[in-house]
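The next block holds one structure in the form of structure tokens; read it before the comments.
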Amino acid sequence: MLFPRRMIGPSGSGAAGTTSGPGTDVRVGAIQDGGHGEYSPSSAAGHGVGTADGPARGPGRSADPAADRRLVGMGTRRDRLREAAALQEQIREQHGEDADAVMAQSLAERTGASRAESTYRRAMARNQGLRFRASDMNLPQQVLHPEETVHEVAVGAQRSDTFPLLIVTDRRVLHVMDRLRGWTVLEEAPAAAVTGAELEERLLSGRLRVHVREGRDLTMKVAERARSQEVVDLLQHLAAGGAPPG
């Protein structure tokens, strides 16, 4: 299953989700926050008493309120990252190989998630059990429109230290890859221009090819055949005028 290195959840706050299951009541709010918090006066240490010359700085405060806020924000971010790592480990201990799917489902169901994010997380959960990792925490925000619906995601063979993805949405097919500057669209085609797809067999791997009416086909090297074939079948179905998955 795709699993972010910094751990799962898009940047931004939002309601904390929970995971469920036997012996499980794990809060995943910190994972969703990803350590991006705003300065909160209630979290700052010390509250002084104001005087006629102005508000007191309080214990440990400097004369520069902006500097105080930056320091508190840095501490808060570190604390949330540590909390997220602890929650991640707890979920992994409780769910084992299902941990990634549990966290992906929590993100998909969280309050405030866009259609693109929710449907992407659900589609990625179908890749549970595949041996790969990539940092897809901000992928929906970086390459998808908020109202886009993701139907399927195929995982490509490893390139450098990441795994490319082929994403099938209601609007287009995208071949994306995580690079230093974040997730990048390598190539894409409008849904209406897709005429079919096939899984080409190679000696040690396969290649998923998306046929485009005009222009160059989209191709991605794959290592896992079964899931890739499911994505090919969906593309064939949609190109033939079939209804999208419910």
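The values are calculated or read from the model by the stated rules, or taken from the named source; none is laboratory data. The structure presented is a predicted model; accordingly, all values stated were derived computationally and were not measured. Reconstructed Cβ throughout: ideal geometry from the backbone, glycine too, with neighbour counts over all protein chains shown.
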Note to self: It is to be established whether one or more residues within segment 219-238 are surrounded by fewer than 20 Cβ atoms within 10 Å (Cβ to Cβ), touching a helix residue (DSSP H, G or I) at 6+ places or on another chain (Cβ under 8 Å) and either modelled with pLDDT under 95 or closer than 18 Å to ALA116 by Cβ (or both).
What the structure shows: no
Margin query: Condition (residue is touching a helix residue (DSSP H, G or I) at 6+ places or on another chain (Cβ under 9 Å), among the charged types (D, E, K, R) and in the same structural domain as SER228 (by TED's automatic domain parsing)) applied to segment 157-168: is it met by at least one residue?
Written below: no
Check: Based on what the data block shows, is GLU148 in a strand (DSSP E or B) and without any contact (Cβ under 8 Å) to a residue 40 or more places away in the chain?
Finding: no
Margin query: Any residue at all in segment 194-215 that's part of a strand (DSSP E or B), buried (at least 16 other Cβ atoms within 10 Å of the Cβ) and basic (Lys, Arg)?
Written below: yes
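Matching residues to (1) of a type in the set (A, V, I, L, M); (2) buried (at least 20 other Cβ atoms within 10 Å of the Cβ):
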| residue | (1), (2) |
| --- | --- |
| THR119 | no, yes |
| ALA123 | yes, yes |
| ASN138 | no, no |
| LEU166 | yes, yes |
| GLY182 | no, no |
| ALA192 | yes, no |
